[in-house]
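The values are calculated or read from the model by the stated rules, or taken from the named source; none is laboratory data. Just so it is clear, the model here is predicted, and its values are computed rather than measured. Methodologically, a virtual Cβ is constructed for each residue, glycine included, from the backbone with ideal geometry; neighbour enumeration extends over all protein chains shown.
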Amino acid sequence: MKIFHIPAFADNYIWSIEKEGKISVVDPGDAKAVLNVLENQNLSLEDILVTHHHYDHTGGINELKKVMQGKVYGPDNLAIEGIDVALKENDQFTTLGYEFSVIETPGHTLDHISFHCHEKNVLFCGDTLFSGGCGRLFEGTYQQLFNSLQKLVGLPNDTKVYCTHEYTLANLVFAEQQISDQEISNYKKNVEAKLNKGEISLPSSIEIEKKINLFLMQKIPNDLKHLLPEESFKELRIRKDNF
Ligand code: ZN
Ligand code: FE
């Protein structure tokens, strides 16, 4: 499966699945960015996948609908204009011949869903799971976001993780402050080197995230070890909000 990123706004990535001159895009917040790629690379737009209602993920839908051939797949939320197929947990659909299943991942927003392609081990997780971190809580509860992340960490280790924002380095700076851990420090150096070369830090993988992402509760900072995982998660999320 060929996947590339279209940069948008300050730090968004609009992920594009490409096959035989067609692309399907995930979370097109900015129509212009996608239209430029369609024109410059002589591609046509097949489907749109949407993870949640925030404008930086949905802002381009209406304009792109004018040029696309397929459907807009997204959360069952009437507040998002332009959704053709409203999805729920375990729903399946096919885009460009690839089958995706839907994982409900509320917390960042209540309507948030993630897309998993089992056959190709690919996950589009929007603003739920970031590399080295997770989304802020805007609408859900700590418990909901905790549960959503636990669902994602249960996917196979070799699952490639495509998040919507380039927040990796900032997340690792926070993580390093919480825990002294060689894997996290090494990975941070790695990411810094990539970004300095103008490369991006994504995709990640579930295997990598288990080693570097404290919000997945595989590594717990010493001062939180006396807490239940849910409580430790909540405390970490609060610390990150105030970081
Ligand atoms: Zn968001
Ligand atoms: Fe976002």
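Would you mention how many residues in the stretch 139-189 are within 22 Å of W15 (Cα to Cα) and either among the hydrophobic types (A, V, I, L, M, F, W, C) or without any contact (Cβ under 8 Å) to a residue 24 or more places away in the chain (or both)?
Total satisfying the criteria: 8.
Looking at the stretch 30-46, which of the residues that are of a type outside the set (A, V, I, L, M, F, W, C) and in contact with an Asp or Glu (Cβ under 9 Å, 6 or more places away or on another chain) is surrounded by the most Cβ atoms within 10 Å (Cβ to Cβ)?
Among them, the one singled out is D30.
If V50 meets every condition in (1) within 14 Å of ligand 2 (Cβ to nearest atom); (2) touching a residue at least 60 places away in the same chain (Cβ under 8 Å); (3) aliphatic (A, V, I, L, M) apart from one, which number is that one?
The failed condition is (2).
For the stretch 1-58, give me every one of the strands (runs of 3 or more DSSP E) that falls completely inside it and has 1 or more residues that are over 18 Å from F115 (Cβ atoms).
Ranges flagged: 2-8, 44-49.
If you take the residues in the stretch 47-100 that are buried (at least 21 other Cβ atoms within 10 Å of the Cβ) and aromatic (F, W, Y), which one is farthest from Y162 (Cα to Cα)?
It comes out as Y73.
So E89 fits all but one of (1) more than 15 Å from ligand 2 (Cβ to nearest atom); (2) closer than 18 Å to W15 by Cα; (3) not β-branched (V, I, T); what number is the exception?
Only one criterion in (1) more than 15 Å from ligand 2 (Cβ to nearest atom); (2) closer than 18 Å to W15 by Cα; (3) not β-branched (V, I, T) is unmet by E89, namely (2).
For the stretch 98-139: of the residues being under 23 Å from T168 (Cβ atoms) and small (G, A, S), which is farthest from ligand 2 (Cβ to nearest atom)?
The residue in question is G132.
Checking D27 against (1) within 23 Å of F130 (Cα to Cα); (2) away from ligand 1 (no atom under 16 Å from the Cβ); (3) charged (D, E, K, R); (4) crowded, with 18+ Cβ neighbours inside 10 Å, only one condition comes out false. Which one?
Status for D27: all satisfied but (2).
Within the stretch 149-158, is even one residue farther than 24 Å from K234 by Cβ and surrounded by 19 or more Cβ atoms within 10 Å (Cβ to Cβ)?
no
Is it true that some residue in the stretch 224-241 is at pLDDT 95 or above, surrounded by 14 or more Cβ atoms within 10 Å (Cβ to Cβ) and at positive phi?
Taking every residue of the stretch 224-241 in turn, none turns out to be at pLDDT 95 or above, surrounded by 14 or more Cβ atoms within 10 Å (Cβ to Cβ) and at positive phi.
Can you pull out the helices (runs of 4 or more DSSP H) entirely within the stretch 171-243 that have at least 1 residues that are β-branched (V, I, T) and under 19 Å from the mean Cα position of the chain (by Cα)?
In the stretch 171-243, 182-196, 206-212 are the helices (runs of 4 or more DSSP H) which contain 1 or more residues that are β-branched (V, I, T) and under 19 Å from the mean Cα position of the chain (by Cα).
Restricting to the stretch 59-78, what's the tally of residues that are more than 16 Å from ligand 2 (Cβ to nearest atom), within 20 Å of the chain's Cα centre (by Cα) and outside any loop (DSSP other than H, G, I, E, B)?
The number of residues fulfilling the criteria is 2.
Consider T109 against the criteria (1) assigned to a strand (DSSP E or B); (2) touching an Asp or Glu at 6+ places or on another chain (Cβ under 8 Å); (3) within 14 Å of V50 (Cα to Cα): it satisfies all of them except one. Which criterion is unmet?
For T109, the exception is condition (1).
Can you confirm whether Q144 is in a loop (DSSP other than H, G, I, E, B) and more than 16 Å from ligand 2 (Cβ to nearest atom)?
Criteria not met by Q144.
Among the residues of the stretch 81-102, are any assigned to a strand (DSSP E or B) and within 16 Å of ligand 1 (Cβ to nearest atom)?
Looking for residues that are assigned to a strand (DSSP E or B) and within 16 Å of ligand 1 (Cβ to nearest atom), one finds none in the stretch 81-102, hence no.
Only one of E39, E99 is without any contact (Cβ under 8 Å) to a residue 12 or more places away in the chain, more than 17 Å from the chain's Cα centre (by Cα) and over 25 Å from Q144 (Cβ atoms); which?
After ruling out the rest, the residue left standing is E39.
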